Amino acid sequence: MPLEPRADTLELVRRLIGFDTTSRLSNLELIRFVAEYLEGHGIRSTLVHDRTGTKANLLATIGSGPGGIVLSGHTDVVPVDGQPWDTDPFTVTERGGKLFGRGTSDMKSFIAVCLAAAPALAKRNLKEPVHLAFSYDEEVGCIGVGGLIEHLKQAGIKPRLGIIGEPTEMGVVDAHKGGKAYETTVIGLEAHSSQRHLGVSAVETAAELIGELMRIQAEYEARDVPGAERFMPPYSTVHVGTINGGTAGNIMARCCSFHWEQRSLPHTDMDEAHDRLQRYVSEKVLPRMRRIHPEASVATRVLAAVPALVPDEGSPAEVLTKSLIGSNATEAVSYMTEAGLFQEAGIPVVVCGPGNIREAHKPNEFIELSQIAACESFVDKLVERISA
Ligand SMILES: [Zn+2]
């Protein structure tokens, strides 16, 4: 296996990393670059914008006919704010067989390899089309790809299978957890802290709710779920990430909110913690709050939801990817990807891409050059396989 990627692939990695596509920013410059590059090789792109028009998914079909193979990746990256980088995160730096830069592993190298293969694909006589599908806003809850999947439906495009190129070190991932992210907001009543009987502390109530969530977490940990041993950790999880509330040490807090999530094993209830928290609120917490303050409230809203990737043994995606890799092994991972959404839309998918998830989201994110080369040879084999 060659350890050095081709020069055109490396140039594309450089160009893609150079666009700061942190999820809070527009990804349109990158998308325009990709569309122009493909256009230069006679490949037309369709853009599916978000409501504000500042972000877009890109879909480009090479070849024609029904079915086809989706190669999918997200164009956005996580922020670098406050991270101690040794190099400019948006300039690729090569050192010791590695490329450093934000998005090198997660996941612009995969997109670069797909783009580098596009000119050759366009010249071949393909037995089935290849759909390049590049999304926005994956890192903030897989929000963007929904519009792209909807567009496929509307356009009557029914891909036979999909490969999502998140970093798996080119292993085949056939299962991941699903997840939902929430914000819970507690509204109580302010009072002087010496006058507890007159107020309802939102901070104390939030702490109580978090306590309930942690009891649910402990239950998940102790529960036996078939197939769970493939995951690390081998159980569904509840996590509280931020909490915000109160005005001063001597004021009973009127408002407190916290962000939390449940990550669920496949085939388990994604809403369990949410539903149990709601019950706890309406049966135990609210009646007590409202005895003092009838307008007291607790509201939980869903910020993001991503279905689990459910193992689908013998699916066309699994069979093809395994045979291209030359391995029979599959893995399960605990991070979420857009794969669950493609699967939900009836497109069999696996996750398989270059780089290591351990490097993702961290300062000095990098990818081994050998990983990019391995992905190139994977895509080369795919091109041979589907050429007439
Ligand atoms: Zn990613």
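General observations
- Net charge, ALA339 excluded, C-beta distance under 10 Å - Lys, Arg +1, Asp, Glu -1: -4
- Amide proton proximity set for LEU303, modelled H, under 5 Å, gap of 5+: ALA181, TYR182, GLU183
- Environment charge of HIS131, counting only residues whose C-beta is closer than 11 Å and scoring Lys/Arg +1, Asp/Glu -1: +1
- Helical contribution to [θ] at 222 nm, DSSP H n ≥ 4, -39,500 (n - 2.57), averaged over the chain, rounded to 500: -9500 deg cm²/dmol
- Each part gets one Cα centre, and for the range 278-314 versus the range 362-388 those centres are 43 Å apart.
- The chain shape via C-alpha gyration tensor axes, a/c threshold 1.5: prolate
- Extension gain from LYS153 to ASP81, taking 0.36 nm per residue of separation minus the Cα-Cα distance: 22.2 nm
- Local net charge near PHE378, Cβ-Cβ under 13 Å (Lys/Arg +1, Asp/Glu -1): -1
- For the set LYS127/LYS381; LYS55/LYS98; LYS98/LYS180; LYS177/LYS284, the pairs lying more than 25 angstrom apart at their alpha carbons are LYS55/LYS98; LYS98/LYS180; LYS177/LYS284.
- Crossing angle, helix 202-222 versus the chain [Cα axis fit, 0-90 degrees, rounded to tens]: 50 degrees
- Cα gyration tensor shape of the range 1-136, rounded if a/c is under 1.5, else prolate or oblate by comparing a/b with b/c: oblate
- The range 178-306, relative contact order [Cα under 8 Å, separation at least 6], %: 44 percent
- DSSP beta bridge pairing in the chain, given as percent antiparallel to the nearest 5: 75 percent
- Relative to the longest principal axis of the Cα atoms of the chain, the long axis of helix 7-18 makes an angle of roughly 30 degrees.
- Springs join every pair of Cα atoms under 10 Å in this Gaussian network model of the chain, and among VAL306, VAL80, VAL333 the largest mean-square fluctuation is at VAL80.
- The length gained by stretching the chain between LYS362 and ARG196 to full extension, at 0.36 nm per residue less their Cα-Cα distance, is 55.3 nm.
- A run of the chain free of exposed loop cleavage sites, with GluC sites (Glu not before Pro) counted only in DSSP states other than H, G, I, E and B and at most 11 other beta carbons within 10 Å, reaches its longest extent at 1-294.
- FRET efficiency estimate (nearest 0.05) - Cβ-Cβ, GLU295 to ILE251, R0 22 angstrom: 0.80
Quick note: the coordinates plus some simple rules give every number you see, no bench work behind them. In this text the structure is predicted, and so the values were computed from the model without any measurement. Note: ideal-geometry Cβ built from the backbone for every residue, glycine included; neighbour counts use all protein chains shown.
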